[in-house]
1. I'd like the full set of residues that are within 21 Å of D532 (Cβ to Cβ) and charged (D, E, K, R), limited to region 115-156.
2. If only one of Q680, Q672 is free of Cβ contacts under 8 Å to residues at least 40 places away in the same chain and assigned to a helix (DSSP H, G or I), which one is it?
3. Looking at region 559-581, which of its residues are in contact (Cβ under 8 Å) with a residue 60 or more places away in the chain, farther than 17 Å from W126 by Cα and of a type in the set (K, R)?
4. Show me the helices (runs of 4 or more DSSP H) entirely contained within region 191-288 in which 1 or more residues are of a type in the set (D, E) and surrounded by 24 or more Cβ atoms within 10 Å (Cβ to Cβ).
5. Looking only at residues that are small (G, A, S) and loosely packed, with under 14 Cβ neighbours inside 10 Å in region 306-364, which one is farthest from the chain's Cα centre (by Cα)?
6. Taking region 518-534 on its own, how many of its residues are buried (at least 18 other Cβ atoms within 10 Å of the Cβ) and either under 27 Å from W46 (Cβ atoms) or small (G, A, S) (or both)?
7. Which of the residues spanning region 596-617 are buried (at least 16 other Cβ atoms within 10 Å of the Cβ) and among the hydroxyl-bearing types (S, T, Y)?
8. In region 572-586, is there at least one residue being loosely packed, with under 14 Cβ neighbours inside 10 Å and out of contact with any strand residue (DSSP E or B) (no Cβ under 8 Å at 6 or more places or on another chain)?
Amino acid sequence: IFCATFASLATMPAAASAGEREASTSYWAFQPVAHPAPPKVRDTAWVRTPVDRFILRELEARGIVPVADADKRTLIRRATYDLTGMPPTPAEIDAFLKDQAPDAFARVIDRLLASPAYGERWGRHWLDVVRYADTAGDNSDYPVPDLYKYRNWVIRAFQNDLPYDRFVQQQIAGDLMPAATLQQRFEQTIATGYLANARRFGSYEDARYPWHLTIEDTIDNLGRTFLALTINCCRCHDHKFDPLTSEDYYALYGFFSSTRYPWPGIELDKAPHDLIPLAPPDQVEAFEKERRQKMSEFDNRLKKIQKDKSDAEKALKETESIKSDAERKAKVAELTKKLDSLKHQMKSAQEQREKIAKQPMPYETAYAVAEGKTEGKKKVGNACVQIKGDPEHLGPEVQRRFPKVLGGHVLPTNTKGSGRLELARWLTDAQNPLTARVMVNRVWHFHFGKGLVATPSDFGKQGEPPSHPELLDYLAARFIDSGWSIKAMHRLIMTSRVYQLSSHAESTTTDPENRFLWHYRRQRMDAESIRDTLLSVSGMLDRSIGGPHPFPLPAKWDFTQHKPFKATYESKRRSVYLMVQRIQRHPFLGLFNGADTNASTARRVTSTTPLQALFVMNDPFVHEVARNLAARIIAESSIESGRIGRAFELLYGREALPEEVGRIQLHLEHVQAALGTTEQAAWESVARALLMNNELIYVE
């Protein structure tokens, strides 16, 4: 790569003034994490954990009285959905109601954290942020069959409470980290699927592919996910609001331009390659050697055919000098026939070569990254500033380093590889003011429906300031001190008084938006929880772990921008295991505000539309759920009132009120008398009505 060595050779974007830069660096997000002591409050009896002191101090200062605690049924339903995305069973509710021990709720939390459903639930939250998809995102949206391994790695990491610093490091540089066993090496390599998952663009083969766009997507997501900064704004110019420069962007760019991304396949180069083998090196080398030999044979054959074709085309052109018409026509016919044969041979050889290229490997592979080349056009090294974001218009070279506002750690000049391992360590350095703050804020957001910083992926000046800055720092410091344990953070937050408050509250003019948390926020379930609830209560849910999707075999891939890959694979497994694409939404997830697979989703939007209501009323999936739910409640009780009570416990986690029982009994009588339906059909009617109740999809 040629870089301009003098600023005069390129017009650089204008930098912010020194005063603006100094003011930006004094911004709260860039200050070291403090270790504040829990403040003193007047009503010490209200406090259950140190978290409550920070909340209560703000309430008392404003004269706001928090509401009463939630009842036990509400609390176990809230906690179960928070940690597992699934409803509590009637047996679990009953056991909690009977348990009068002071630590009863703490033991519920521990049970839920140990459940496999926890990893699936919180893994899905992470997949939102890293814009996970099972396809590449190019014009043809080629499938990525191996990427499910990264998804499952994320789920296992949450389930096993992998310390967050190691969780981050393995996604950035797992392939470069020490490993005690070959299996650990494979697991850490799979983790770099985070980087490999960066979106692909266009239709061109590797030589013409716009790698700068994929690297921009990588830097954009890294900045938002781990640092809550919009670093990609600096691709073309210095950041307009935050102390980030174009040089900061290209300093990071060098880490990823020095990294080899896997090739998923694209319209003009359909065969996947550069996947990472998950097999012993000797087995890999034996297979690769045989394949290289076969590919080389076809390459040599193609070169010979191309030479013969060029010679024939030259000879054909020379026939113009033959004076005899008969002789010229005969020669033209002969050469034309030869050219047609050579074209056929070339096409056949190309098809056979492509078949070998698409041949499945005899071992497992990972869609993961590796170190870049040590020589050639795309070799490991620093990157140049791209003037106005144009990779053809290069400015000065920038040494690989961390953004200056976060310490500006510089990669040693004698570093031979990409430097991703050093980058991963800088990201998770306890002195980094952002990484811990950002993650504890995400945890808080998913428990309360809104983070202490309401913009979870933007801690910059365009984002919102924290509602409780000292609490945010307290949590961040505790997070680091706990060994970066996410499960410890759940326990600290969920055992607090503020988490256990009721959601029922009279409106107030002092804090109408509940910024200071004097009551719990009622929240609608996300798309996955709605679908998983429907499958669970009807007994249809398949609790097995999701594996590979039934994609077409790579040898048959012929997707183009006019015929892109599109599919929906039905499954009764949890929604985290559904195949999700970039160019089209899964029908259910799209309807109920699922994550955007093309960009980081920090917060799910919530909409209420007629289509959602019509889906619940008419879709065959919901009717199947109603049939199975009706059969279940008929089988689990022989008494009509008992069946109604069972339905309410399964769906809403509470007992049916007497007036509700009465109305449903009248409905059953009316349906059976007016329509002459069977008992099963009558209960299906009840089930459909109960499934349409808002109470099902809201967590109090």
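The values are calculated or read from the model by the stated rules, or taken from the named source; none is laboratory data. Given the structure is predicted, the values throughout are model-derived calculations rather than measurements. Please note: Cβ atoms are built from the backbone with ideal geometry, for glycine as well, and neighbour counts cover all protein chains shown.
1. E120, R121, R124, D128, D134, R151, R156
2. On the way: Q680 fails: free of Cβ contacts under 8 Å to residues at least 40 places away in the same chain.
Just a single option satisfies the conditions, and that option is Q672.
3. K563, K566
4. Working: elements: 193-196, 211-222, 246-257.
Per the criteria, 246-257.
5. Of the residues in region 306-364, the ones small (G, A, S) are 310, 312, 315, 321, 324, 326, 330, 333, 341, 348-349, 357.
Subsequent filtering for residues that are loosely packed, with under 14 Cβ neighbours inside 10 Å retains 310, 321, 324, 326, 330, 333, 348.
Values: S310: 50, S321: 67, S324: 72, A326: 71, A330: 66, A333: 61, S348: 41 Å.
Across region 306-364, the extreme among qualifying residues is S324.
6. Selection size over region 518-534: 6.
7. Answer for region 596-617, where residues must be buried (at least 16 other Cβ atoms within 10 Å of the Cβ) and among the hydroxyl-bearing types (S, T, Y): T597, S600, T601.
8. The answer is no, given that none of the residues of region 572-586 is loosely packed, with under 14 Cβ neighbours inside 10 Å and out of contact with any strand residue (DSSP E or B) (no Cβ under 8 Å at 6 or more places or on another chain).
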